[in-house]
Amino acid sequence: MAKNTTKKSKLAVFVLIVLLLGTLIGTTVRSIISSLNLGLDLRGGFEILYQVEPLNEGATVDMSAVINSISKRINVLGVSEPQITVEGNNRVRVQIAGAKDLETARELIGTTANLTFRDVDNNELADSSILQEGGASLAYKDGEPIVSLKIADKEKFAAMTKAIAKKGKGANVMIVWLDWQDGDTYAAEAAKAKNGEEPKYISAASVQSEINGDCIISGNFTEDSARTLANLINSGSLPVKLTELSSNVVSASYGADALQVTALAGVIGVAIVMVVMIFVYRLPGLISSIMLAFYVWAVFGIYSLMGAVFTLSGIGALVLGVGMTVDANIINYERIRQELYKGRSVRAAVAEGGKLSFAAIFDAQFTTLLAALIMYIWGTGTVKGFATMLIITVVMTLLLNVGFSKWLLSLIVDSGICDGKPGLFAVKKNQIPDVSKGEKQFYTGAFKFDYMGKAKYAVAASISIIVLSLALSFFNLAKGNGFLNLGIDFASGTKLTVTSEQVVNVSDVEAEMETLGYKGFSYQSAGEHTVYATTKASLDKEQLTTIKSAFEKKYGVEPGDNIVTPVVGSELVRSAVILTVVAWIAMLAYITFRYEFDYAFGCLVALVHDVLIVTAVFGILRLEVNIELISVLLTIIGYSINNSIIVFDRVREEVNLRNRIEPTEYRSIANEAIDEAIKMSLMSSLTTIIPVILLLIMGSSSIFTFVFAMLIGLIAGTSSSVFVAAYIWCLLREKSKPKQKITKQKKDKKVKKELLDEYTISGINA
């Protein structure tokens, strides 16, 4: 009676936990989503990387003072939670999401704003210290916008203006300069003004008499330009010169559209994965779906608590994390099935399957974590954001879907409702031997294939793809088109994103650009509403303003822009190579430690194969190679090893079961191991590929490169784990001498009597 009560209580606990999780998710999900700190690619805004240089040669730069000055200027814009990050000793990255007037914000942040009062001979009479703090403001004179200045040191200002007033006509002029530089002269700029050109100085006013109070700056101001100047003066001068090395500007409407379509694709993808898991695995699939919903909620909750910036690449990492967390459950559930095929009872199979699957799950997740940590430590911008999400997803997978999910499954199994019901695990009774009658396992799964016999054909196909890509790449290089279609991230240049609610055609965009006098751009359509215009030249602010104003007038939406200078481009190439090599070394070392070197070498060849295949496909199709591709390649490295570990975990088990192995036996060992692991590998790939395909079809055009590369990498990774990693392992083992294992007698681990009885009693498995 007590035993039945305990079983019922475990079932009640399971039901209660599921209800609590559902209630928790349902009541908090909206507030969590609304509190997320969305990145500029989802809200609109800009990211600019500045080179920081002292105003005076040889002077030292106080980066804290730089950040303080930039923060003051950003506060004027009225935006929340700007991201200002120091990179190295002389660079600062500024990220602002939600700014309405992006170009004004850009101008406000980057201008040095060193205000000086000078005479006609360019002698400095006073600087901004003569003004009251915050004393500049927008005002009006005769209905025209002006800048009003409140003077702090009125005695000095009076003496200064008195001296100027005494000078003869033409010399009694006080010039107000913003960012005067050596070589600038009033005479040269005044000549420009006479010819109708814009002078460098702000104002040049004749002084007739001593000024004892405040003053004004007048000129051809608009209301916006006068307000901007006042804000610049109030924020103080930057103690340094800022040079834009790279920038990325995204319009608010484009970001909102990207968020909507990408989020919808992600939701549908996750829903399909849940349905597939329930259909294939029955009860464990249901538990997996419950935990998947809790997992997504928990990841978003952590992101919200951290205040981390959620970006499109973060969504991509989350989708990948969904695939990986389902993958962990699949490895466990397939091992449970295999234990049922051996004749174990449901309880014994769940206990043993959980124990046997842990090593493969941990190794697979840890190798991905290694790649993510490398991206986070050495990556920047988009790569670092992607890595942050990937780290969180891996940690939550280990905690929730390895720990909590197994506990939930054990609760319902221990309740007794699964006893004698292997169908709840999608296993038929006629597939289970009756061990009490001496029956041996007769069913191992639906897959039987000579993988090693066909491996050479798969390898030949991969080599053909790589050779074709090399041939086409050299052909394009000879024609002057470049070995690969490098995006501006690596090649440097400017990329404009022209978007609108109406249809945007490449021909219309090209015609408009030529009308503005810009040729040599390449154009690419990204759906009906977006066209990318790219040039190798790094356009300046004036050129960008002209182009963006024209397209905003034409389409009603200001285009986004992405600018990368040659300096940053070369650095990104070097960083990408370093990141990839470091990831390879780290994973090779870990797999060698956990397995043996020949296993690790097989994994290494497989992941190099995957990187080459993805790059080759991009070379054949001439798709743009950008920084997002590096995130994908590093992720695929982790995912490729993930699949290889699933296979090698079973290979190692088969090897350990034999005392002496002849070289000719290794291929059969590999085939047997792959037969047992192939469903795990295929299901884990499928559950990751489904959301990726949905993102490819429905997602934002801005992540097309990322998603397409991920799809190719997942296909290549699944194939290489079977036909490359295992094949290389066989080739190495076949050249080695027959191994005689020397095994020590080990005491069998204690097994619960209950489980042992269930394993052997006739009828309990039926």
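The values are calculated or read from the model by the stated rules, or taken from the named source; none is laboratory data. The structure displayed is predicted, hence computed values, not measured ones. For neighbour counting, all protein chains shown are included, and Cβ atoms are generated from backbone atoms with ideal geometry for every residue, glycine included.
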Could you tell me whether any residue of region 547-565 is aromatic (Phe, Trp, Tyr), part of a helix (DSSP H, G or I) and touching a strand residue (DSSP E or B) at 6+ places or on another chain (Cβ under 6 Å)? yes
Quick one: how many residues across region 436-485 are over 14 Å from ASP675 (Cβ atoms) and not in a loop (DSSP other than H, G, I, E, B)? 26
Output yes when any residue across region 684-700 is buried (at least 19 other Cβ atoms within 10 Å of the Cβ), small (Gly, Ala, Ser), within 26 Å of VAL614 (Cα to Cα) and over 21 Å from the mean Cα position of the chain (by Cα), and no when none is. yes
Answer residue from region 41-61, given it is among the polar types (S, T, N, Q) and either surrounded by fewer than 15 Cβ atoms within 10 Å (Cβ to Cβ) or in a loop (DSSP other than H, G, I, E, B) (or both) and is modelled with the highest pLDDT among those: THR60
Residues (within 23 Å of GLU47 (Cβ to Cβ) and either crowded, with 24+ Cβ neighbours inside 10 Å or in contact with a Phe, Trp or Tyr (Cβ under 6 Å, 6 or more places away or on another chain) (or both)) located in region 385-412: GLY385, PHE386, ALA387, MET389, LEU390
Here the residues within region 519-542 that are among the charged types (D, E, K, R), touching a residue at least 24 places away in the same chain (Cβ under 8 Å) and assigned to a loop (DSSP other than H, G, I, E, B) are GLU528, LYS536
Out of all the residues in region 366-401, which are under 22 Å from ILE645 (Cα atoms) and of a type in the set (Ser, Thr, Tyr)? THR367, THR368, THR393, THR397
Matching residues, region 339-365, being touching a Leu at 6+ places or on another chain (Cβ under 9 Å) and either closer than 15 Å to ASN643 by Cα or part of a loop (DSSP other than H, G, I, E, B) (or both): ARG344, SER345, ILE361, PHE362, GLN365
For region 289-338, which residues satisfy the criterion of being farther than 21 Å from ILE693 by Cα, in a helix (DSSP H, G or I) and hydrophobic (A, V, I, L, M, F, W, C)? ILE290, MET291, PHE294, TRP297, ALA298, VAL299, PHE300, ILE302, LEU305, MET306, ILE331, ILE336
If we scan region 321-337, do we find a residue that is buried (at least 24 other Cβ atoms within 10 Å of the Cβ), touching an Asp or Glu at 6+ places or on another chain (Cβ under 7 Å) and either closer than 23 Å to THR635 by Cα or small (Gly, Ala, Ser) (or both)? no
How many residues does region 486-518 contain that are part of a loop (DSSP other than H, G, I, E, B), at pLDDT 85 or above and over 20 Å from HIS529 (Cα atoms)? 3
Subset tally (residues that are part of a helix (DSSP H, G or I), β-branched (Val, Ile, Thr) and more than 19 Å from the chain's Cα centre (by Cα)) for region 366-419: 3
Pairs returned, first residue in region 660-675 that is outside the structural domain of VAL722 (by TED's automatic domain parsing) and at positive phi, second residue that is of a type outside the set (Phe, Trp, Tyr) and buried (at least 18 other Cβ atoms within 10 Å of the Cβ), beta-carbon separation under 7 angstrom, 6 or more apart or interchain, are none
Could you list all residues from region 426-472 that are in contact with a His (Cβ under 8 Å, 6 or more places away or on another chain) and closer than 13 Å to GLY343 by Cβ? none
Just a yes or no: is a residue in region 427-450 modelled with pLDDT of 80 or more, more than 30 Å from LEU16 (Cβ to Cβ), acidic (Asp, Glu) and under 38 Å from the mean Cα position of the chain (by Cα)? no
Only one of PHE618, PHE597, PHE593 that is touching a Ser or Thr at 6+ places or on another chain (Cβ under 9 Å) and at pLDDT 85 or above: PHE618
Got at least one residue in region 514-522 being within 29 Å of the chain's Cα centre (by Cα) and under 30 Å from HIS609 (Cβ atoms)? no
Reported set for region 166-203 where residues are of a type in the set (A, V, I, L, M, F, W, C), modelled with pLDDT of 85 or more and in a helix (DSSP H, G or I) is ALA187, ALA188, ALA190, ALA191
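Output yes when any residue across region 625-645 is within 15 Å of ILE331 (Cβ to Cβ) and β-branched (Val, Ile, Thr), and no when none is.
For region 625-645, residues within 15 Å of ILE331 (Cβ to Cβ) and β-branched (Val, Ile, Thr): present.
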